[in-house]
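The values are calculated or read from the model by the stated rules, or taken from the named source; none is laboratory data. Owing to the predicted nature of the structure, the values given are computational and were not obtained by experimental measurement. Virtual Cβ from ideal backbone geometry, glycine too; neighbours counted across all protein chains shown. Only protein heavy atoms, including side chains, enter the accessible area calculation; ligands, DNA and RNA are left aside. Shrake-Rupley method; radii C 1.70, N 1.55, O 1.52, S 1.80 Å.
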Amino acid sequence: MAKTSTASKAINKKFMLRNSISLFFALSLFFGLSIKSQAQYAHTNKDILSVIDEIEEQTDYRFLYRSALLADIKINISATESTFFEELNIQLSSHDLTSKVDKERKQVIILRNNNKTSVSKEVAIKGQILDETTGERLPYAIVTWQKDGKLKGVTSNESGVFSIERIFEGKSIEITASSFGYSPDSIHLDISANSDFDDLTFRLKRKRIDVSQLIVIGSNYSDDLNPESSEILDIGDFSPMGDNSSVSALQFLPSVSLSTLMSGELQVRGSPADGFRVLVDDITIYNQSHLYGLVDSFNGDILQRGGFYYDIAPVKIQAPPGGTLSLITKTGSLDKFSGSAGISNSSLRFSLDGPIKKGKSSWLISARRSYLNNLNWFNNEDLIKWGLNVNRPQNSLPSGIIDLDSYLVRSRNTEASFYDLHGKIYFEGNSGNRLTISGYLGGDDTGYSAERLFRSTSTSDPFTYRPVSTSNDWQNGAVSAKYNQWLNDDIYSSTILGASIYTTTFSQDDFTYIKSNTNSQSINAFIFPYENENVLNDFKAEQLFEINSSQSWFWSAGATYNYYLGEYSENSFDRPGYFTSVSAHKIDLFTQVDFSGLNENLDIFAGSRVHYYSNGEYLKFSPRIKFKFFPQSKISVGIGYSKNYQFLNQISLSNTITSDVWILADEKQAPTSLNYYSSGIYFSQSKLFYAQAEAYIKEFKNVRLHEINTFSLSNTYASNPWFTNNEGMAKGIEFLLRSEFKTIQLSQTYSLSEVKLSNPLINNGDSFYADWDRTFKYSAILSIQPLESLSAHISWNFASGTPNKLATFGPQPDKRLSNYKRTDFSIEYQRSYSKYDLSLSASLFNVFDTQNVWYKDLSIVLDQNSMPNQITTSPIDIYDVGIQPSFNISIGF
């Protein structure tokens, strides 16, 4: 027993010693951790942005703030986790800032300190929506909240700024911000003691690599918005040459006419192509596409957002008779250096950006260059030829009829290249004021050389080959500076200065002229040189004020000044040595009032632009008004009217593709005018089902048509090579149906329309269908996203043919071209890795290689069926592009 007792004591001593050592280490660890926790956050003269990054890495808390608001602040803090936010608030108060901590949701909001209270609970909220990673503003993002069981909302403006002034009930409200390509985020605001929130900032987390999009909008950002009814188009879904195509993407909307791949023109609700304008950072780009419409004139990689105005546009938009596509490029990351590089089957591109001063300023540069001359794949060489009207695909001629072009012309070389450069510098101040300087330079250089057989003056050899060539070049440079600031609690100011300089040349030694003879009811074709040159300088200055006067009223007002200098020269069969030079000053004053307070049953948007145009001393008024009945109901109705004027016109040729040519109105050529009536009914159940039907009537005056397009000699001895006194009417009804499920989205559009023109000097004064008229159009897009990183899109387009110009101005059996049918397919893979993002996409344009007629033309042929054989002309069908594959690879870092 003694031995056992002694052994037990030894074991107990050993056990107690072990426990004592363990207890010692445990106590040491406890006190060590306690000491560490007592000084868990200790920073001396450290940037607050770095402190926030550290806290977000170590805890689950997320901070919502505007980078420029904190960029210059350094803090001295020593606090435990339990006292950190109290100490942080003390530090912030010295900078007139405050923090709101939601411990349940692990969320911290930093905003300006404003202790104003309101017993009436009229809450005023101002703020902005940012990209969490880069700090860039997100234009046209959506801010929503629930009120009386209904979803309410506004959109942010082009600067990512939003403003809400509403009466709320209760002690708190939940505000949610969302934007396409980003995860939505919500903020709870305590309104029991504070009813004025200034500089509220949402920082949204990106959930897609490519978030470039177009948003279809028709009124000011301040208006209440139903999120289900904002139509969104991803500009990269279908891209025949691999690069994103925002202009082509618009054709899937019911309001935009379907056009062929290489037309490079867009008609919106029956308007001519010059009724559609593209703005990049508030400055007009006067040639919208590279390579005859195959590729946009701007690099889609740096597009951040785009707003498309097609209905009764707000007065801040100058609004030509068609529509306006306003594109906004990225400002560059405010946080870190980043960039991207990519390749498509037509071009190479890269972009770089980064902070100048972290949180406050940034820079961006982007460049794209084609390599079509270096690598002939994916049908590149043929596309260049077809764009220059060489060997375009066509139907077979009847037996015994031989197309002489294949014998008369011996091809040599084709050349085509394009480029575009973008640059941007961005500065943001402590108060939220922003200065953005943006620049653009782009152009095309395309050409073709051949030998054509001509008659010779030599008696020994009656025919000889002569060199002929075609060239089509353009350059456009644009620069803009924009300054935004809040002047006080209610007035937001935007100031813009900018200029756009555009030059173009086109020449073709063997241009085909088509003339009609009214007396003999015949049409003839012959070859003769044609060339034109165009210069347009546009200087712009604009001041805009947006004013939140109360919860029901929103007022915008401003002025725009433009100085134009335009020159145009033409050498053609009818007009050798034609030249004109026109300069003009244009001043616009505009104002609009938006009212949305009539028991939530009626919204009214009413305003006007007043134009003074110096060349001709025109003074014109452009009233615009739109009513929305029951805007917050599942079924709403809208009606509107506007008067629009256009002082710049584009002229084009129907049987070839030239760079866009712009001319100015003057004292002898009145500006184009439009009376525009629209209406619509909208049914919004949820994202599962949305439908709308819209109708419109447009009455045109003084539309421009080049005389070559009319096959007429009636205008040959007039002062200008175009007709100006054309009148017309466009009318139509459009339908849109969209259903969105978890992984599938289906959009369908259908439109019925008619566009007719008339002129006393054309077609004996009888009205005729415009070249771009289509009786009907149906489009369907099915998008499937089985995985977050993988998506596929398939579209089908079916439309009536356009008018047969040969039948419009001469005897032809077919009044219209055959129906247009086309199926496109694309697939996209996107994935983010630790150090870079990868995006892969592939598309097939015209999957089934359908032969769609582009236009009818006259070809010089040898008729072997006559005795003797005769050289005459015969109508032929010219086809649009057949099956066209493309790819796009992009890496972001």
Let me have the relative contact order for the range 555-659, percent, based on Cα pairs under 8 Å that are six or more residues apart. 18 percent
What's the local net charge at Asp282, with K and R +1, D and E -1, over the other residues with C-beta under 10 Å away? -1
Other residues with Cβ under 10 Å from the Cβ of Thr504 give, with Lys and Arg +1 and Asp and Glu -1, a net charge of -4
Answer with one residue from Ile501, Phe463, Asn488: the one whose Cα lies farthest towards the positive end of the charge dipole of the chain, charges on Cβ with Lys, Arg +1 and Asp, Glu -1. Asn488
Hey, got the dipole for the chain? About the Cα centre, +1 on K and R Cβ, -1 on D and E Cβ, debye to the nearest 20? 2640 debye
Contact order relative to length for the range 142-194, counting C-alpha pairs under 8 Å separated by 6 or more residues, stands in percent at 32 percent
Built amide H within the under 5 Å cut-off of Ala770, gap 5+: Val755, Lys756, Leu757
Rounded to the nearest whole Å², what accessible area per residue is found for the chain with the 1.4 Å probe? 41 Å²
What order, most packed first, do the peptides 273-283, 93-103, 490-500 have when packing is the mean number of other Cβ atoms within 10 Å of each residue? 273-283, 490-500, 93-103
Can you find, among Leu840, Leu404, Ser679, the residue farthest towards the positive end of the dipole of the chain? Put +1 on the C-beta of Lys and Arg, -1 on that of Asp and Glu. Leu840
Express the carbon and sulfur contribution to the solvent-accessible surface of the chain as a percent, rounded to the nearest whole number, probe 1.4 angstrom. 56 percent
Set Lys330/Lys805; Lys385/Lys821; Lys643/Lys668; Lys207/Lys358; Lys103/Lys482, cut-off 32 Å on Cα-Cα distance; pairs above it are Lys330/Lys805; Lys103/Lys482
Its Cα gyration tensor gives the range 495-629 an equivalent ellipsoid whose semi-axes in whole Å, largest first, are 47, 22, 13
Explain nothing, just the number: dipole magnitude of the range 569-672 about its Cα centre with +1 on each Lys and Arg Cβ and -1 on each Asp and Glu Cβ, in debye rounded to the nearest 20. 340 debye
Which shape class, rounded, prolate or oblate, goes with the range 633-693 when its Cα gyration tensor gives a ≥ b ≥ c as root eigenvalues, a/c under 1.5 marks rounded, and past that a/b bigger than b/c marks prolate? oblate
Compute the long axis of helix 2-38 from its Cα atoms, compare it with the longest principal axis of the Cα atoms of the chain, and write down the angle in degrees, 0 to 90, nearest 10. 50 degrees
Quick check on packing: order 857-866, 249-258, 157-166 by the mean number of other C-beta atoms within 10 Å, highest mean leading. 249-258, 157-166, 857-866
Output ordering of 614-620, 878-884 (per-residue mean of other Cβ within 10 Å, highest first) is 878-884, 614-620
Considering only DSSP beta bridges whose two residues both sit in the chain, what percent are antiparallel, to the nearest 5? 95 percent
Check the straight Cα-Cα distances from Lys147 and name the lysines below 16 Å, setting aside those fewer than 8 residues away within the same chain. Lys121, Lys171, Lys634
To the nearest 20 debye, what is the magnitude of the charge dipole of the range 401-511 about its Cα centre, counting +1 on the Cβ of each Lys and Arg and -1 on the Cβ of each Asp and Glu? 160 debye
In degrees, nearest ten, helix 48-58 long axis to first principal axis of the chain (Cα): 70 degrees
Taking Cα atoms, how many degrees apart are the long axis of helix 84-93 and the longest axis of the chain, rounded to 10 and kept between 0 and 90? 60 degrees
Plugging the Kirkwood radius over Cα pairs into Stokes-Einstein for the chain, at a temperature of 10 °C and a viscosity of 1.306 mPa s, what D comes out in µm²/s? 53 µm²/s
Using θ = phi - 60° and Karplus 6.51 cos²θ - 1.76 cosθ + 1.60, couplings along the range 175-186 (whole Hz; Gly, Pro as x): 10, 10, 10, 9, 8, 4, x, 10, 6, x, 9, 10
Need one word for the range 363-466: rounded, prolate or oblate. Basis is the Cα gyration tensor (sqrt eigenvalues a ≥ b ≥ c); a/c below 1.5 gives rounded, then a/b vs b/c decides. prolate
